[in-house]
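This report concerns only the one structure given below.
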Amino acid sequence: MQTVGHLGWETGFVTFLRTHLNVVIPVATLSAKILVRVFSREDFAEVMRSVTNLPLELLLISMSFMLGALAGISDSYFTRFASQSDADLFAALAVIVIFFLCLITNLLTKFLRFVFGKLFIAFKQYRELSAQPTIPGAVPDIAVAGRILWAMAYCIIMALVLVLSFGISVITLAYVLHLIQ
């Protein structure tokens, strides 16, 4: 039983969500998008495409926050600058920089799809090669090991590109949220 002077964890959690609403909204929205795709039983490739698009969507959310700051929604944003025109100029430049980061992230996403296609082909070739009958006592074919090696290389490249994309978008969003709070 709760006492009057003691707040429950639910109240603390709701208070935390309210104070960090700028972070909760994008994370909840993008998480809901992925969950909708999973629960609607979309193909695995479509769900993965949604995940690879998350960095671009985070950057677009960052841009919308900066446009909101430019429109004057955040009072604390303007207190960081000496004048209104300095704040407006910085917000406009930030929107332009975020636009170019969106272009870079989009190129990384296209490259990621290209590498994913290569990974898919490598696995398909591996399955075909390993399904072929072998002669007992024969030397194993290097093609099978080569396909595994290429698949591992593609996975490493994909992981690095995803980390880079998410790094760019999360750092940008964190910086924008720091500016407007």
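The values are calculated or read from the model by the stated rules, or taken from the named source; none is laboratory data. Model, not experiment: these values are computed from the prediction. All Cβ positions, glycine included, derive from the backbone under ideal geometry; neighbour counts span all protein chains shown. Side chains are part of the model used for accessible areas, which takes the heavy atoms of the whole protein and leaves out ligands, DNA and RNA. Shrake-Rupley method; radii C 1.70, N 1.55, O 1.52, S 1.80 Å.
Below, the figures for the structure above:
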read-out: Point-charge dipole on Cβ atoms (K/R +1, D/E -1) for region 43-181, about Cα centre, debye to 20; value: 480 debye
read-out: Region 31-89: C-alpha gyration tensor shape, a/c 1.5 cut-off, then a/b vs b/c; value: prolate
read-out: Å² per residue, accessible surface of the chain at 1.4 Å; value: 67 Å²
read-out: Gyration tensor (alpha-carbon) shape descriptor, region 1-159, a/c threshold 1.5; value: oblate
read-out: I142, I98, I104, I34, ranked by accessible area, largest first (probe 1.4 Å); value: I142, I104, I34, I98
read-out: Positive dipole terminus of region 11-180, leading residue within L129, L173, I73 (C-beta point charges); value: L129
read-out: Y175 - accessible surface, heavy atoms, 1.4 Å probe, Å² rounded to 10; value: 110 Å²
read-out: Apportionment of accessible area to carbon and sulfur, region 115-181, percent (1.4 Å); value: 76 percent
read-out: Approximate spin-label separation V170-A82, in nm, with each point projected 7 Å along Cα-to-Cβ; value: 3.6 nm
read-out: F166 accessible area, assembled protein chains, probe 1.4 Å, Å²; value: 60 Å²
